[in-house]
1. Determine if segment 45-55 includes at least one residue that is in a strand (DSSP E or B), surrounded by 15 or more Cβ atoms within 10 Å (Cβ to Cβ) and either at pLDDT 95 or above or among the small types (G, A, S) (or both).
2. For segment 95-107, state whether one or more residues are outside any strand (DSSP E or B), surrounded by 17 or more Cβ atoms within 10 Å (Cβ to Cβ), touching a residue at least 12 places away in the same chain (Cβ under 8 Å) and of a type in the set (K, R).
3. Could you tell me whether segment 21-44 includes any residue that is surrounded by 10 or more Cβ atoms within 10 Å (Cβ to Cβ), of a type outside the set (K, R) and assigned to a loop (DSSP other than H, G, I, E, B)?
4. Exactly one condition in (1) out of contact with any strand residue (DSSP E or B) (no Cβ under 8 Å at 6 or more places or on another chain); (2) acidic (D, E); (3) surrounded by 18 or more Cβ atoms within 10 Å (Cβ to Cβ) is false for D61; which is it?
5. Can you find a residue in segment 4-12 that is under 9 Å from the mean Cα position of the chain (by Cα), surrounded by 13 or more Cβ atoms within 10 Å (Cβ to Cβ), part of a strand (DSSP E or B) and of a type in the set (D, E, K, R)?
6. Condition first: surrounded by 11 or more Cβ atoms within 10 Å (Cβ to Cβ) and among the charged types (D, E, K, R). Now tell me which residues in segment 65-80 satisfy that.
7. Kindly list the number of the only condition in (1) more than 19 Å from L109 (Cα to Cα); (2) buried (at least 16 other Cβ atoms within 10 Å of the Cβ); (3) in contact (Cβ under 8 Å) with a residue 40 or more places away in the chain that fails for F89.
Amino acid sequence: MGSFKQGDIVVAKISFTNLSDFKVRPILIIVKRLKYDDFIVLKISSEKGTDEYSFLLQKKDIVKGFIKIFPSYVIIDYPITIHRKNIRFKVADLKEEKMEQIKEKTRSLYQ
């Protein structure tokens with residue numbers, strides 16, 4: 001299945017909060033837990049959330065690979081922990097500068 005790292009955009013099976021169902025969707029890996037095969041991720045959506053909690057993602061922000069819909073939005077106010085087995089495949093690499101901007105905006109939510 002390969003190794004995944006911070007800044008990878010992957011397609012994964014994400015459970016709904018009530019755990020009754022799931023959706024396969026693109027996500028951004030923001031943290032890889034080294035001791036476990038878990039990742040903390042942010043959902044990517046074609047629908048813009050509130051300005052405060054969504055981060056614009058454009059074609060120019062991708063180093064390698066692609067996602068299907070532009071513009072898309074990284075939803076930063078709802079991080080999710082997933083296990084490696086739920087990741088289907090990698091689709092793109094996010095530019096380091098954009099990853100830093102997303103991390104900074106995400107950190108600001110918890111200060």
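The values are calculated or read from the model by the stated rules, or taken from the named source; none is laboratory data. None of these values were measured; they are calculated from a predicted model. Note that each Cβ is placed from the backbone with ideal geometry, even for glycine, and that neighbours are counted across all protein chains shown.
1. Within segment 45-55, one or more residues are in a strand (DSSP E or B), surrounded by 15 or more Cβ atoms within 10 Å (Cβ to Cβ) and either at pLDDT 95 or above or among the small types (G, A, S) (or both).
2. yes
3. For segment 21-44, residues surrounded by 10 or more Cβ atoms within 10 Å (Cβ to Cβ), of a type outside the set (K, R) and assigned to a loop (DSSP other than H, G, I, E, B): present.
4. Answer for D61: the failing condition is (1).
5. Yes; the residues of segment 4-12 include at least one that is under 9 Å from the mean Cα position of the chain (by Cα), surrounded by 13 or more Cβ atoms within 10 Å (Cβ to Cβ), part of a strand (DSSP E or B) and of a type in the set (D, E, K, R).
6. D77, the sole residue that qualifies.
7. Failed condition: (2).
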